[in-house]
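K.L.:
For reference, the structure I am asking about is given below.
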Amino acid sequence: MQPLGGVRRAGRLVLKAVDAPRGSAQGQQGQDLTNCVALVRDGLVIRYAREFAHEDRPPVVGVFEPDRDADSMQAFVFSEPPAHDDWVENGDRLRGKYAWGKDFIRLTKGKIRSLTRDFQTRQEQAPPVQRTDAAEFLRRALRDLFVFPGKGSKQKPSPRARAFTVEIRDAERRRNGKSLEDVVRFRIGLSEHVPNDEVPVDLVLALTVLADDVEKPIDALPPAVTVQEQILRGSEKRTVVPLLLTRTEPIHGEARVSVHAAWKTRWDVSVERRST
């Protein structure tokens with residue numbers, strides 16, 4: 001999806017017509033998710049946005065995720081307030097980082113709104129079909145981010161491979177003496193839907209070097225990672241850090257790699273549950 005009037009790719013929007021009376025799709029705190037679009041970044045649900053859909057048209061649910069392009073992703077990161085609960089085009093951090101950032105976020109929101117309402121209009125004109133239950137669609141679309149109980153199920157959700165949050169707090173290219181470094185700061189924690197108080201995981205980080213013309217990965221570099229007062233260095237194109245995630249406190253860390261000034265790069269950060 002590209003913002004109206006722009007050429008920079010914003011992300012991917014998935015929409016689904018649902019057969020759901022108001023209140024049938026329940027979120028993590030009981031809120032009604034009918035006619036909401038989940039705004040998602042790096043495994044974190046920023047917000048369930050209701051302003052994009054028209055309330056008087058056929059019900060819909062959706063998910064929007066930013067493009068993996070480094071500059072586009074960072075524009076979303078810098079648009080977030082300290083609580084990381086919205087994308088705000090008028091924020092000082094965004095204006096200070098990207099001159100085009102304000103218009104990019106504003107136009108992206110406008111595109112989500114227009115696509116969502118156009119989709120609803122098409123549902124009014126379409127022949128009757130069996131539509132997906134709203135809660136079931138959200139469960140499937142977001143199952144890699146958190147777990148919803150199945151319809152009618154009384155079973156508690158079990159921990160899954162990605163039942164945690166991975167948040168990129170900041171990323172920059174900075175000078176370190178005579179060399180340049182790409183640096184990323186991150187925070188990871190357990191999802192509130194995981195019943196366990198602690199889960200062993202592997203934090204996997206790599207800096208991917210992209211071809212300038214087509215942004216195709218051509219190499220990956222293992223960063224030096226500072227986490228829990230330790231410095232770890234990887235090999236074979238990535239760094240794997242064993243951690244024990246607990247419910248009481250998220251883990252903060254930083255990773256860095258020496259780079260060439262002409263390189264275009266992308267951080268890849270993921271968390272995998274470790275077998276015990």
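K.L.:
Does region 87-99 contain at least one residue that is part of a helix (DSSP H, G or I) and within 19 Å of residue 48 (Cα to Cα)?
P.N.:
Looking for residues that are part of a helix (DSSP H, G or I) and within 19 Å of residue 48 (Cα to Cα), one finds none in region 87-99, hence no.
K.L.:
Is at least one residue of region 127-141 modelled with pLDDT under 50 and surrounded by fewer than 17 Cβ atoms within 10 Å (Cβ to Cβ)?
P.N.:
No, region 127-141 has no match at all.
K.L.:
So which of 232, 244, 207 ends up being exposed (fewer than 13 other Cβ atoms within 10 Å of the Cβ), in contact with a strand residue (DSSP E or B) (Cβ under 8 Å, 6 or more places away or on another chain) and either modelled with pLDDT under 75 or part of a strand (DSSP E or B) (or both)? Break it down stepwise before answering.
P.N.:
Values: 232 fails: exposed (fewer than 13 other Cβ atoms within 10 Å of the Cβ); 207 fails: exposed (fewer than 13 other Cβ atoms within 10 Å of the Cβ).
Only one candidate qualifies: 244.
K.L.:
Oh, and also: Looking at region 247-264, which of its residues are touching a Ser or Thr at 6+ places or on another chain (Cβ under 9 Å) and surrounded by 17 or more Cβ atoms within 10 Å (Cβ to Cβ)?
P.N.:
Once the filter is applied, which keeps residues that are touching a Ser or Thr at 6+ places or on another chain (Cβ under 9 Å) and surrounded by 17 or more Cβ atoms within 10 Å (Cβ to Cβ), region 247-264 yields 253, 255, 256, 257, 259.
K.L.:
I would also like to ask the following. Just to be sure I understand, how many residues within region 170-190 are part of a strand (DSSP E or B) and either in the same structural domain as residue 71 (by TED's automatic domain parsing) or loosely packed, with under 15 Cβ neighbours inside 10 Å (or both)?
P.N.:
Qualifying residue count, region 170-190: 7.
K.L.:
From (1) hydroxyl-bearing (Ser, Thr, Tyr); (2) part of a loop (DSSP other than H, G, I, E, B); (3) under 28 Å from residue 178 (Cβ atoms), pick out the condition that doesn't hold for residue 239.
P.N.:
Of everything listed in (1) hydroxyl-bearing (Ser, Thr, Tyr); (2) part of a loop (DSSP other than H, G, I, E, B); (3) under 28 Å from residue 178 (Cβ atoms), residue 239 misses just condition (2).
K.L.:
What is the one condition in (1) at pLDDT 90 or above; (2) over 21 Å from residue 14 (Cβ atoms); (3) of a type in the set (Asp, Glu) that residue 118 does not satisfy?
P.N.:
In the conditions (1) at pLDDT 90 or above; (2) over 21 Å from residue 14 (Cβ atoms); (3) of a type in the set (Asp, Glu), residue 118 misses (2) alone.
K.L.:
Would you mind finding the one in 250, 223 that is assigned by TED's automatic domain parsing to the domain that holds residue 189, in contact (Cβ under 8 Å) with a residue 12 or more places away in the chain and over 21 Å from the mean Cα position of the chain (by Cα)?
P.N.:
Just a single option satisfies the conditions, and that option is 223.
K.L.:
Yes or no: residue 66 surrounded by 20 or more Cβ atoms within 10 Å (Cβ to Cβ), in contact with a helix residue (DSSP H, G or I) (Cβ under 8 Å, 6 or more places away or on another chain) and more than 26 Å from residue 209 (Cβ to Cβ)? Break it down into steps so the answer makes sense when it comes.
P.N.:
Working: surrounded by 20 or more Cβ atoms within 10 Å (Cβ to Cβ): yes; in contact with a helix residue (DSSP H, G or I) (Cβ under 8 Å, 6 or more places away or on another chain): yes; more than 26 Å from residue 209 (Cβ to Cβ): no.
It is false that residue 66 is surrounded by 20 or more Cβ atoms within 10 Å (Cβ to Cβ), in contact with a helix residue (DSSP H, G or I) (Cβ under 8 Å, 6 or more places away or on another chain) and more than 26 Å from residue 209 (Cβ to Cβ).
K.L.:
Starting from region 66-85, take each residue that is under 16 Å from residue 99 (Cα atoms) and assigned by TED's automatic domain parsing to the domain that holds residue 106 and list its partners that are hydroxyl-bearing (Ser, Thr, Tyr) and part of a loop (DSSP other than H, G, I, E, B), counting only C-beta distances under 8 angstrom and pairs at least six apart or across chains.
P.N.:
Filtered contacts from region 66-85: 71/98; 74/98; 75/98; 78/98.
The values are calculated or read from the model by the stated rules, or taken from the named source; none is laboratory data. Here the structure is a predicted model, which is why all the values come from computation and not from measurement. As a convention, Cβ positions derive from the backbone with ideal geometry for all residues, glycine included, and neighbour counts pool all protein chains shown.
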